[in-house]
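For reference, the structure discussed in these notes is given below.
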Amino acid sequence: MRASFPSYRPRRLRRTERLRRLVRENELSPEHLIAPLFVIAGRSERRPVESMPGVEQLSADLAAEKAQGLRELGVGAVILFGIPESKDPGGSGAYDPEGVVQDAVRLIKAAAPDLLVVSDVCLCEYTTHGHCGLVTPSGEVDNDATLEVLARVAVSQARAGADLVAPSDMMDGRVAAIRSALDAEGFAWVPIMSYAVKYASAFYGPFREAAESAPKFGDRRGYQMDPANAEEALREAWLDISEGADILMVKPALPYLDIVRRVKEATGYPVCAYHVSGEYSMLKAASARGWIDETAAMLESLLAIRRAGADCVITYFAEAAARRLRAG
Ligand code: PBG
């Protein structure tokens, strides 16, 4: 570089904040952020999640209040996870028209009509065994039998008013099943944000406490992706596109920024990265000990995810980051 451009001095454009801003390539703003909410039954109920300081399970009325505040901060969307009062092997609470998520969608849309509401489509929070699909008597996750249930869940959420549905179960064929069910029920305009590239990750630990969704036997490696694989991520992405996905999710985010970039470049589709619970808790734990500047590390992490190619980011820092970004 110096040989061919002897007078190029990169630091000339780094000297002042105005100069830095003039040539900044990427930005982070509240509209890019999606805040996860954990919804529990009842009213005026809140329960802190121990492994995720600052995150609470909220009843639908409090979730609606929270959503209104997020809307005022300019946050783009919320994504809802439900913790039902009771579970069964078939996960029937997930498609109950009076279920926790359906209830919360209605209250949130009433309280903040222009805030986008994404609903997570999965069974693990609703099944007694904690797997993301139905389980056969021999303990296998039954892919094809699960598809019908997932489609039912998505339709019930769309009927309650969800703006987008986000299947996170990782069953083969679920995007096509959900797309055709939504179309048949009059929800052709509800986009699918598919967890196309979801790895079997150790970073989901705190979420499983928050969502009370840890598997009671085995693990999720039979349906989530092997962290060693990158080419497979592209196959998953194209497959979901062929089935009708509108937005592709990559999850987790920071350990998989190479995948975010590759999926974005290969497909040109909108990409959403999920900055997951473990990524959040690590920063919280380090900052609680005074080992890291929480605000700076939070903003740097989120901006890095955008720089890698994510259009939007699901993050438990959505509220804190939006506050900070608005303060300038
Ligand atoms: C459930 C689901 C998980 C997450 C989102 N949806 C956990 C899992 O697959 O076990 C993890 C999110 C996070 O860690 O923040 N299908």
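Overview of results
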quantity: Rounded tilt (10° steps) of 174-184 against the dominant C-alpha axis of the chain; calculated: 70
quantity: 0 to 90° range, to nearest 10: angle between helix 100-111 axis and the chain longest Cα axis; calculated: 50
quantity: Antiparallel content of DSSP bridges confined to region 46-162, in %, to 5; calculated: 45
quantity: GNM flexibility winner over the chain from ARG12, ARG152, ARG221 (Cα, springs under 10 Å); calculated: ARG12
quantity: Under 20 Å, Cα to Cα: Lys pairs in the chain, sequence gap 8 or more or different chains; calculated: 6
quantity: Area accessible to solvent at TYR95, 1.4 Å probe radius, in Å²; calculated: 50
quantity: Probe 1.4 Å, all protein chains present, accessible-area order of THR267, THR146, largest first; calculated: THR267, THR146
quantity: Taking region 1-131 and dividing mean pair separation by its residue count, relative contact order in percent (alpha carbons under 8 Å, at least six apart); calculated: 24
quantity: Contour excess over end-to-end distance, with Cα ends at ARG21 and SER138 and 0.36 nm allotted per residue; calculated: 36.2 nm
quantity: Beta bridges by DSSP in the chain, antiparallel share as percent, to the nearest 5; calculated: 10
quantity: Among GLU294, GLU125, GLU17, residue whose mean-square fluctuation peaks in a GNM of the chain (springs only between Cα atoms under 10 Å); calculated: GLU17
quantity: Simple spin-label estimate for GLU98 and GLU72 in nanometres, 7 Å along Cα-Cβ; calculated: 3.2
quantity: Structure-based [θ]222 nm, the chain - -39500 (n - 2.57) summed over DSSP H runs of at least 4, per residue, nearest 500; calculated: -12000 deg cm²/dmol
quantity: Per-residue HN-Hα couplings for region 230-238 [Karplus 6.51, -1.76, 1.60; θ = phi - 60°; Hz; x = Gly/Pro]; calculated: 10, 4, 4, 4, 5, 5, 4, 5, 5
quantity: FRET efficiency for LEU13 and ALA285, using Cβ-Cβ distance with R0 set to 30 Å, rounded to 0.05; calculated: 0.25
quantity: At R0 = 30 Å, FRET efficiency that the Cβ-Cβ distance of ASP172 and SER4 yields, to 0.05; calculated: 0.05
quantity: For the chain, built as a Gaussian network whose Cα springs stay under 10 Å, the top-fluctuating residue of ALA286, ALA154, ALA77; calculated: ALA286
quantity: Approximate spin-label separation GLU185-LYS216, in nm, with each point projected 7 Å along Cα-to-Cβ; calculated: 2.7
quantity: Accessible area, probe 1.4 Å, largest first, for residues ASP219, ASP169; calculated: ASP219, ASP169
quantity: Percent breakdown of C-alpha pair distances by 20 Å bin, ordered from the shortest bin, for the chain; calculated: 32, 58, 10, 1
quantity: Inter-centroid distance (Cα atoms) of region 121-163 relative to region 268-327, Å; calculated: 29
quantity: Modelled label reach - ALA110, point 7 Å along Cα→Cβ, region 46-72 residues with backbone N closer than 19 Å; calculated: 46, 58-71
quantity: Largest-first ordering by accessible area, 1.4 Å probe, given options TRP291, TRP189; calculated: TRP189, TRP291
quantity: Within the accessible area of the chain (1.4 Å probe), percent carbon and sulfur; calculated: 52
quantity: Degrees between helix 318-327 axis and first principal axis of the chain (Cα, 0 to 90, nearest 10); calculated: 30
quantity: Simple spin-label estimate for SER29 and SER242 in nanometres, 7 Å along Cα-Cβ; calculated: 3.8
quantity: For region 32-93: rounded, prolate or oblate by the Cα gyration tensor [a/c cutoff 1.5]; calculated: prolate
quantity: Relative contact order %, the chain, counting alpha carbon pairs below 8 Å whose residues are six or more apart; calculated: 17
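The values are calculated or read from the model by the stated rules, or taken from the named source; none is laboratory data. It should be emphasised that the depicted structure is a prediction, and the values quoted were computed from it without experimental measurement. A quick note on method: Cβ atoms are made from the backbone with ideal geometry, for glycine too, and the neighbour counts reach across all protein chains shown. Note: areas computed on protein heavy atoms with side chains; ligands, DNA, RNA excluded. Shrake-Rupley method; radii C 1.70, N 1.55, O 1.52, S 1.80 Å.
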